[in-house]
Amino acid sequence: MKKKISKNLENRNQLNLIFDDSKSINKANYKQDKRLNILISSFLILMFLFLIKLFGLGLSDYKPQILSSKTDNIQRRTIVDTNNIVLAQSINTYNLYLRPKKIKNKENILIKLKIIFPELNFQKLRKKLNTSKTFIVKRNLTPSQYNKVMQLGEPSIELELSETRIYPHKNLFSHIIGQIDLDNYGISGLEYFFDEELKNKNSLNKPLKLSLDSTIQYIVRDVLLNSLDVFKAKGASAVIINVNTGKIISLVSLPDYDLNKRSKLASHKLINKNTMGLYEFGSVFKIFTIANAIEQKKISINTQFKDLPSQLSCGKFKINEYEYSKDKKNLTAENILVKSSNIGSIRIVQKTGLVSHQKFLKEIGLLDKSEIEISEKSSPNRIRWGKCNTLTSSFGHGVNTSLLQLTNAYAALSNGGYLINNSILKDKKITKKQIISSNTSQIINRLLRANVDKYNSIKGSGRKADIEGYFVGGKTGTARKPLKNRKGYSKNTINTFSAIYPYHSPKYAISVLLDEPQGAPKLWGHSRNEAGWNSSYITGLIIKKIGPILDTKEQFTNEISSEKYADSKNN
């Protein structure tokens, strides 16, 4: 009996132990679940608070304020070239302002701005932050900069909606198109000349179309840039004109500048050499002397000028022949041009008459300001005509003009004798005035061809421009530059080649100018520096490259051209 009771008690004790252990475990689990619930609840509360914060920030005024533009009523038309390629266009952009009164941490905002705009001058910016006035930090934000500024959440930032002008071709048309100021008003080039037309609200959707060809412009500029390197010249320029319309195809002047970078162009090196620069061009003027004499029927191309001296006296001045030699003693009118005789040119003027020569230079536009539609252009210096000045002007000495006017005069000689005012607009109507007869024009074209034709027995100075298939005619000019006080001449030269092509039915006139070029021994094996060794060579390179684009190559040989010239000379 006792054993049973003892066994039962033992079993009971075991059952109690088991029961007590289960109860302890349940209690521990309960405590653990409670802690977990507290953690989860805390996390949910924090997430809720964070969402409330984000929602609050979304409703806050921390986004930069967008202000209307001060110039939002001034819009400008797009400018395009002859093939509708955009040269200038206005786009919407933003200007960034800071309002110092709203800045809580100045160094913090400086750091943020420095990350976005590392190019800014932060010393100046730090000084401006100590003022109470709102000031501009950056104009014309890029889309990327705009997005970064918007993400700053800085209440001191204000953005002004604005309109800016962009020039996709950068330097290519800098001397022609010009620039606008910060208020969208034209300040140079055709942006200034056509300021009112470009702001005309009734024409905003109609681009201003130019006669310029971007492809031709690029090729010409590229060749001229290379010429600066080869001939170590200070600058270069070129003009190409359609001789039958007066429309300008290309107008390049070097050095140039990026239109998208607003800066003060104080350097005289950045003038437009084609329209603003005035130069004494030298022997390229001899063709005008001959043209007037032929038109006045004072000479023919076969007229003989005998016993030409190496030097003439005019008052107290001595006029020298250019590279006098025995074969310059007796010359025909044709050879005066091809051999580039100064004394021969004077003899022609003496036959024609001083007043007649003066009048002709005026009639052909050499002494007038160009009517091209850009603001930067010069009027040739007024000449105090006298005997000596008139005689030396026969070979381009003592009289200056612009390269554009010179080229247009060549165009007038070649197109049947019509002087046409130049234009940079594609659709502008032309006006023309006949200066010489069609017959004289044809004779002049043949003379110009003789100076370039490498098959001509008389080796002319323009042979480097004789590109096969294009039948170029032209004349070189190597002229010393006047000193600044205009008392004497320096050793530095302006080297020019003016040409027309194809000579028998001209379509284009072209002039190339090199400012103070040097010899190129690596190219020629010598250091001669006349226009025949640089400007005519450069012109030939340009014609060769643009010829296929302008489709001016003829389908017959130079030999046939020379035969035609010989036949016309005898007729």
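Mind checking whether some residue in segment 457-470 is in a helix (DSSP H, G or I) and either crowded, with 22+ Cβ neighbours inside 10 Å or in contact with a Pro (Cβ under 7 Å, 6 or more places away or on another chain) (or both)? Step through it out loud before you land on a result.
Keep residues of segment 457-470 that are in a helix (DSSP H, G or I), which gives 463-465.
From what's left, either crowded, with 22+ Cβ neighbours inside 10 Å or in contact with a Pro (Cβ under 7 Å, 6 or more places away or on another chain) (or both): 464-465.
Among the residues of segment 457-470, at least one is in a helix (DSSP H, G or I) and either crowded, with 22+ Cβ neighbours inside 10 Å or in contact with a Pro (Cβ under 7 Å, 6 or more places away or on another chain) (or both), which makes the answer yes.
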>> Being within 20 Å of THR392 (Cα to Cα) and in a loop (DSSP other than H, G, I, E, B) is the filter here; which residues of segment 297-321 pass it?
In response: LYS298, ILE299, LYS306, ASP307, LEU308, PRO309, SER310, GLY315, LYS316, GLU321
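Listed here are the residues, each with its yes/no results for (1) free of Cβ contacts under 8 Å to residues at least 24 places away in the same chain; (2) assigned to a loop (DSSP other than H, G, I, E, B); (3) not assigned by TED's automatic domain parsing to the domain that holds ALA293.
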position	(1), (2), (3)
HIS397	no, yes, no
ASN408	no, no, no
LYS429	yes, yes, no
LYS433	yes, no, no
ILE444	no, no, no
LEU448	no, no, no
ASN451	no, no, no
> Does ASN274 fit the bill of being loosely packed, with under 14 Cβ neighbours inside 10 Å, assigned to a loop (DSSP other than H, G, I, E, B), at pLDDT 95 or above and touching a strand residue (DSSP E or B) at 6+ places or on another chain (Cβ under 8 Å)?
Replying inline: no
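For (1) outside any strand (DSSP E or B); (2) on the phi > 0 side of the Ramachandran plot; (3) surrounded by fewer than 17 Cβ atoms within 10 Å (Cβ to Cβ), each residue gets a yes or a no:
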site: ALA479; (1), (2), (3): no, no, no
site: THR496; (1), (2), (3): no, no, no
site: VAL512; (1), (2), (3): no, no, no
site: HIS526; (1), (2), (3): yes, no, yes
site: SER536; (1), (2), (3): yes, no, no
site: ILE542; (1), (2), (3): yes, no, no
site: PRO548; (1), (2), (3): yes, no, yes
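Go through segment 386-416 and report how many residues are on the phi > 0 side of the Ramachandran plot and surrounded by fewer than 24 Cβ atoms within 10 Å (Cβ to Cβ).
So the count comes out to 2.
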> Listed residues LYS359, LYS328; which is free of Cβ contacts under 8 Å to residues at least 24 places away in the same chain, buried (at least 21 other Cβ atoms within 10 Å of the Cβ) and not hydroxyl-bearing (Ser, Thr, Tyr)?
Replying inline: LYS328
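This table checks each residue for (1) modelled with pLDDT under 95; (2) out of contact with any Gly (no Cβ under 9 Å at 6 or more places or on another chain); (3) closer than 18 Å to LYS247 by Cβ; (4) part of a helix (DSSP H, G or I).
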site: ILE500; (1), (2), (3), (4): no, no, yes, no
site: GLN518; (1), (2), (3), (4): no, yes, no, no
site: LYS545; (1), (2), (3), (4): no, yes, no, yes
site: LYS553; (1), (2), (3), (4): yes, no, no, no
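Yes/no per residue for (1) assigned by TED's automatic domain parsing to the domain that holds LYS201; (2) touching an Asp or Glu at 6+ places or on another chain (Cβ under 9 Å); (3) closer than 19 Å to LEU259 by Cα; (4) touching a residue at least 24 places away in the same chain (Cβ under 8 Å):
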residue: LEU96; (1), (2), (3), (4): yes, yes, no, yes
residue: ASN105; (1), (2), (3), (4): yes, no, no, no
residue: ILE111; (1), (2), (3), (4): yes, no, no, no
residue: ASN147; (1), (2), (3), (4): yes, no, no, no
residue: GLU154; (1), (2), (3), (4): yes, no, no, yes
residue: GLU160; (1), (2), (3), (4): yes, no, no, yes
residue: ILE166; (1), (2), (3), (4): yes, no, yes, yes
>> Can you go through ILE348, ILE336, ILE372 and tell me which one is part of a loop (DSSP other than H, G, I, E, B) and in the same structural domain as VAL512 (by TED's automatic domain parsing)?
In response: ILE372
> What helices (runs of 4 or more DSSP H), lying completely within segment 171-260, carry at least 3 residues that are surrounded by 15 or more Cβ atoms within 10 Å (Cβ to Cβ), hydrophobic (A, V, I, L, M, F, W, C) and in contact (Cβ under 8 Å) with a residue 40 or more places away in the chain?
Replying inline: 214-231
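The values are calculated or read from the model by the stated rules, or taken from the named source; none is laboratory data. Quick caveat, the model's predicted, so the values are computed rather than measured. Note that each Cβ is placed from the backbone with ideal geometry, even for glycine, and that neighbours are counted across all protein chains shown.
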